[in-house]
Structure formats: C-alpha cells, structure tokens
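Participant: Handing you a structure now.
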Amino acid sequence: MDKIRIVGGQSLNGTIPISGAKNAALPLMIASLLSEEKLILENVPRLADVALLQRILGNHGVDITVNGKRNGDSPSAGQTMEIDARAIVDTTAPYDLVSRMRASFWVVGPLLARMGQARVSLPGGCAIGTRPVDFHLDALRALGAEIDIDAGYVVARAPRGLTGARIVFPKVSVGATHTALMAAALAKGDTVIENAAREPEIVDLADCLLKMGARISGAGTSTIHITGVPRLRGARHSVLPDRIETGTYAMATAMTGGDVTLAGARADLLESALDVLRAAGAQIDVNNEGIRVRRNGAGLFPVEVSTAPYPGFPTDLQAQLMALMTRAQGRSRITETIFENRFMHVQELARLGATIHLEGDCAVVEGNDHLKGAPVMATDLRASVSLVIAGLAAEGETMVQRVYHLDRGFERLEEKLSNCGAQIERISG
Ligand code: UD1
C-alpha cells in the first residue's frame, strides 16, 4: 500500500490549480443514466471514486470514453468524459462495487425513473456514522415506487413510471436531494422537494439536467420545483470547481504560512469557510485567477465553528480546520452536526502532539505550536487530508499510511503541494 511521506516546516508559496468537484462529478455522471443520448462532461477530476463509478456505470451497459488533454490545455485541465447510456443492459448495481463508494447508490433514482426498475446494493463508503438511505427510499416511494429490501439489496419497481409528488425531507440530505431531483425529472407531472439541500453540487446537477431538457426551478434554495418530461436529451456540461479541495489547500496555506493562489477556485462556493479562515488570521483575496491565501508571520487565532448544511461551514472541511486549530494561540471549539462519528482524525492528530478532547459532538482543541512528525493512519477521505495538513507544519517526518483514502478525493495531492515548496512524496508499496 502506498504511503505519503512529509517533512514538515516549509511554507507554501505558488499556485495550486483547483480540480473539478468530486461531489459534483459523481451525480453528473450518474445523471447520464437518464438519457439515451450522450452526456459530455468536461473538467472531470482524475480520482479513484470517478474511476470506480466508471466501472459501476459500465456494468449497467454505459459506454464511457475519456479524452485526455488537448494541445494548449493547461497541465491541470480535467478529463472530458463522453458518456453514452443508450443501452442499459443491467439494472443491478452489485454489492462488491456499491459497497466501496456510498454515492454509487444514487444510480437507484435514474435507473428506476428510466427503466422502471432497479436493484441496488445498500451502500458502504467512508466510515463516518451510520449514514442510512431512508430519505432516498421515502422520496422514491412518494414518487410511486414500490421498494423492498432483499438480501442486502434495495429492489425498487415502478412498472408504469414515476408520478410527481410533494417530497418533504425531515433533515437536509445532499444525496437524497440528488436522488429526488433525478427521479422527478422523468416522473409524470409536478414534484416539489421541500427542505432540499442547497449545496452548489445540487445546483450543478440541476444546471446539467436543464441543459438535458429537464424543467426545474429553485435549485440552490430549500424548495425545488420539477415538472417531469418524458425523455431527456444529451448535453455538454463542465463540472464546477471543488470547494472542498479549495478549502483544504487554503487551510494548508494558513497552517504553514506563505502565499498561495488557488487557481480556478470560486470564492462564492465557500464563503463560510473563507470567513472562518479570515477570523483565524489568514488574508484572503479574490482575484481574476481565483483565491489568494496568505499568512506571513502572524499567529493563528482560535475559532468556534459548527458544521452545517450549505451555506454553513462544510462538514467536509471539519477535520482540516481541526488540524489548523492545533496551531492556534488558544482554545477552539469545533462542533460536528452532520455526522455522528466524524472525529476519527482526533486520535491520529494526537499522535502528532495535538491536544484535543471530545465533549459529545464538540471537539475542544487546545492550540499549541509543537506538532511533531509521526506515523499516522488515514481513516477516511477528509480525515486523511487533515493529517497531511498537520504533517506539513509538524517538525520532522510524518508518514501517512492507507493513502488510498486520499486518492478517492484529491487529485495529484503530492504534486500540487510539492510544487508550492512542501516536502511531500508518495512512497509506493
Ligand atoms: C454528501 C457528500 C459528503 C458530505 C455530505 C454532507 C457526496 C458524494 N458526498 O454525502 O462528502 O460530507 O454530503 O455534506 O456528495 N441521512 C439520513 N438518511 C438518508 C440520507 C442521509 O439519515 O437517507 C443523514 C446522514 O446520516 C447524515 C445527514 O443525513 O447525518 C446528511 O447526509 P447527506 O447529506 O445525505 O450526505 P451524503 O449525500 O451521503
């Protein structure tokens, strides 16, 4: 298994190109199942999760071709993916594939809406809480599907198609909003989704569906209206920049000090996180190229932050913020409100010398300046990158094990950081 070796202590200076968002690319690829015509996606990041979803879609009979860089493209240009779901040969998504990535469960909505049936394994994914799929299933039931659970599989049927309905989510769920949106796009009549997730990735999916001929309004607000259409056509769409990757490198820069431009990043996608970084003492400027993050010499201030659905502070940046706060001058409080078990990085950060104690869903971080390199283990996607951030500031060598978690969500992480002066390398094993 590969490891990442970091020797801490260098500040970061330079430019980091921001890739297309994983959490937008995945539902966009899945949306291809809704149409018999080709969906062309640009700026798709090169990530293990994207490759896995290619396999899952391939299993349904979807034909995918990927074009690399064209002459004149920047070295960081994402992939262009042509996805042709004309012939769906199999409506089953098997356990051995779905169990590796939770988002692959989302094929259930489009398969059911277009084919009238789907058999999808209950999901796996990052071990950050129980993460059930009840909201997805309730939404599909509201649209008229019959749902059974059989031997670890969700078996969904709608032989006469889905029918528009009012769907009220008890809690904001990104995935369930994706499922409802995709299924309702091909349902007969009108659907209203209330308490919908407002994440930018929902808006990106809705924008792509609009190009495919869907009738949707209100994406990006808590109430989304959809009028179903009998079929969707092909389209071309570019994946929006990754706000979590942006926030992660912004925190890495604040952690080490330095001056980094996050090229292609969109500040409007992560205002709450940028506000927290400013409060912590980083200087953030938005320019034509993207976002410039600086911290030169000045110390870091502690913050009190709770994660929340968009536009609040993202749970996917909670671990990275915690790493950053280990160097603040004073006590920070970071409360996790989305997932009940998303503090696995606390133990690993402690191995690097951090002082953090948990009070229920709140982590209290006693800032200190003396992180020291150590072997640590990546536990989930975002937790693992928090260990990288901490390693960049720790004295001496940090070896991060199980980096396949990082490869799921961060494209060319070592290269992007080492180009800015970090001492970081992958050791293949
Ligand atoms: C997505 C993101 C993930 C992010 C999360 C919250 C992708 C690929 N993943 O995950 O990176 O951390 O949003 O911003 O986009 N819940 C239920 N029942 C359900 C569905 C969800 O109880 O049927 C609960 C979850 O356990 C969790 C909360 O709702 O407590 C929010 O989860 P959700 O927004 O659905 O997360 P994902 O879509 O899985």
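Participant: So, LYS38, is that one open to solvent by less than 30 Å² (accessible area, probe 1.4 Å), at pLDDT 95 or above and among the basic types (Lys, Arg) or not?
Facilitator: So LYS38 fails the test.
Participant: Can you find, within segment 107-124, the residue that is farthest from ASP150 (Cα to Cα) among those that are free of Cβ contacts under 8 Å to residues at least 60 places away in the same chain and under 20 Å from the mean Cα position of the chain (by Cα)?
Facilitator: Filtering first and then ranking leaves GLY124.
Participant: Return the residue satisfying two criteria in turn: it lies in segment 277-310 and is open to solvent by 20 Å² or more (accessible area, probe 1.4 Å), at pLDDT 95 or above and among the aliphatic types (A, V, I, L, M), and of such residues it is nearest to GLY20 (Cα to Cα).
Facilitator: Among residues in segment 277-310 that are open to solvent by 20 Å² or more (accessible area, probe 1.4 Å), at pLDDT 95 or above and among the aliphatic types (A, V, I, L, M), the one nearest to GLY20 (Cα to Cα) is VAL286.
Participant: Can you tell me which residues in segment 240-265 are more than 17 Å from the chain's Cα centre (by Cα) and assigned to a strand (DSSP E or B)?
Facilitator: Answer for segment 240-265, where residues must be more than 17 Å from the chain's Cα centre (by Cα) and assigned to a strand (DSSP E or B): GLY258, ASP259, VAL260, THR261, LEU262, ALA263.
Participant: Looking at segment 277-292 only, could you name the residues that are closer than 13 Å to GLY247 by Cα, of a type in the set (A, V, I, L, M, F, W, C) and touching a Leu at 6+ places or on another chain (Cβ under 7 Å)?
Facilitator: Within segment 277-292, ILE284, ILE291 meet the criteria.
Participant: From the list VAL400, VAL385, pick out the single residue that is closer than 15 Å to THR248 by Cβ and in contact with a Ser or Thr (Cβ under 6 Å, 6 or more places away or on another chain).
Facilitator: On inspection, the qualifying residue turns out to be VAL385.
Participant: Given the residues ASP268, ASP242, which is the only one that is of a type in the set (Asp, Glu), surrounded by 19 or more Cβ atoms within 10 Å (Cβ to Cβ) and within 30 Å of ARG215 (Cβ to Cβ)?
Facilitator: ASP242
Participant: Within segment 184-204, track down each residue that is open to solvent by 50 Å² or more (accessible area, probe 1.4 Å) and in a loop (DSSP other than H, G, I, E, B).
Facilitator: Selection gives ASN195, ARG198.
Participant: Also, I was wondering about something else. It is to be established whether one or more residues within segment 410-425 are under 24 Å from the mean Cα position of the chain (by Cα), more than 19 Å from MET255 (Cβ to Cβ) and of a type in the set (Lys, Arg).
Facilitator: yes
Participant: Another question, if that's okay. Can we say THR191 is in contact with a Lys or Arg (Cβ under 7 Å, 6 or more places away or on another chain) and either over 29 Å from GLU271 (Cα atoms) or modelled with pLDDT of 95 or more (or both)?
Facilitator: It is false that THR191 is in contact with a Lys or Arg (Cβ under 7 Å, 6 or more places away or on another chain) and either over 29 Å from GLU271 (Cα atoms) or modelled with pLDDT of 95 or more (or both).
Participant: Residue check: is ASP84 open to solvent by 50 Å² or more (accessible area, probe 1.4 Å) and at pLDDT 95 or above?
Facilitator: Judged against the criteria, ASP84 is not a match.
Participant: I would also like to ask the following. Considering only segment 14-33, I want to know if a residue exists there that is over 24 Å from the mean Cα position of the chain (by Cα) and either surrounded by fewer than 24 Cβ atoms within 10 Å (Cβ to Cβ) or under 23 Å from ARG231 (Cβ atoms) (or both).
Facilitator: yes
Participant: Among the residues of segment 405-420, which ones are open to solvent by less than 40 Å² (accessible area, probe 1.4 Å) and of a type in the set (Gly, Ala, Ser)?
Facilitator: Answer for segment 405-420, where residues must be open to solvent by less than 40 Å² (accessible area, probe 1.4 Å) and of a type in the set (Gly, Ala, Ser): just GLY409.
Participant: Read through the list (1) among the polar types (S, T, N, Q); (2) touching a residue at least 12 places away in the same chain (Cβ under 8 Å); (3) away from the ligand (no atom under 16 Å from the Cβ), then give the number of the only condition that ASN288 fails.
Facilitator: (2)
Participant: Limited to segment 117-132, what total is found for residues that are within 11 Å of the ligand (Cβ to nearest atom), at pLDDT 60 or above and buried (at least 21 other Cβ atoms within 10 Å of the Cβ)?
Facilitator: So the count comes out to 1.
Participant: What are the residues in segment 311-334 that are polar (S, T, N, Q), away from the ligand (no atom under 14 Å from the Cβ) and open to solvent by less than 30 Å² (accessible area, probe 1.4 Å), if any?
Facilitator: Scanning segment 311-334 gives THR326, SER332.
Participant: Now for a different question. May I ask you to list the residues in segment 93-116 that are crowded, with 16+ Cβ neighbours inside 10 Å and either outside any helix (DSSP H, G or I) or charged (D, E, K, R) (or both)?
Facilitator: Within segment 93-116, ALA93, SER99, ARG100, MET101, ARG102, ARG114, GLY116 qualify.
Participant: A further question on this structure: Could you list, in sequence order, the residues of segment 247-275 that are over 19 Å from ASN13 (Cα atoms) and among the aromatic types (Phe, Trp, Tyr)?
Facilitator: none
Participant: Restricting to segment 154-183, and then to whatever is within 16 Å of the ligand (Cβ to nearest atom) and part of a strand (DSSP E or B), can you tell me which residue is surrounded by the fewest Cβ atoms within 10 Å (Cβ to Cβ)?
Facilitator: Once the filter is applied, the top-ranked residue is VAL168.
Participant: Shifting gears a bit: Determine which member of the set ARG46, ARG55 is surrounded by fewer than 17 Cβ atoms within 10 Å (Cβ to Cβ), under 23 Å from the mean Cα position of the chain (by Cα), of a type outside the set (Asp, Glu) and assigned to a helix (DSSP H, G or I).
Facilitator: Of the residues listed, the single one that is surrounded by fewer than 17 Cβ atoms within 10 Å (Cβ to Cβ), under 23 Å from the mean Cα position of the chain (by Cα), of a type outside the set (Asp, Glu) and assigned to a helix (DSSP H, G or I) is ARG55.
Participant: Here is a follow-up. Give me the residue from segment 346-404 that is at pLDDT below 90 and within 16 Å of the ligand (Cβ to nearest atom) and, out of that set, most open to solvent (accessible area, probe 1.4 Å).
Facilitator: So the residue we want is THR379.
The values are calculated or read from the model by the stated rules, or taken from the named source; none is laboratory data. What you see is a predicted model; the values in this text were computed from it and never measured. Virtual Cβ from ideal backbone geometry, glycine too; neighbours counted across all protein chains shown. Please note that ligands, DNA and RNA were not included when accessible areas were found on the heavy atoms of the full protein model with its side chains. Shrake-Rupley method; radii C 1.70, N 1.55, O 1.52, S 1.80 Å.
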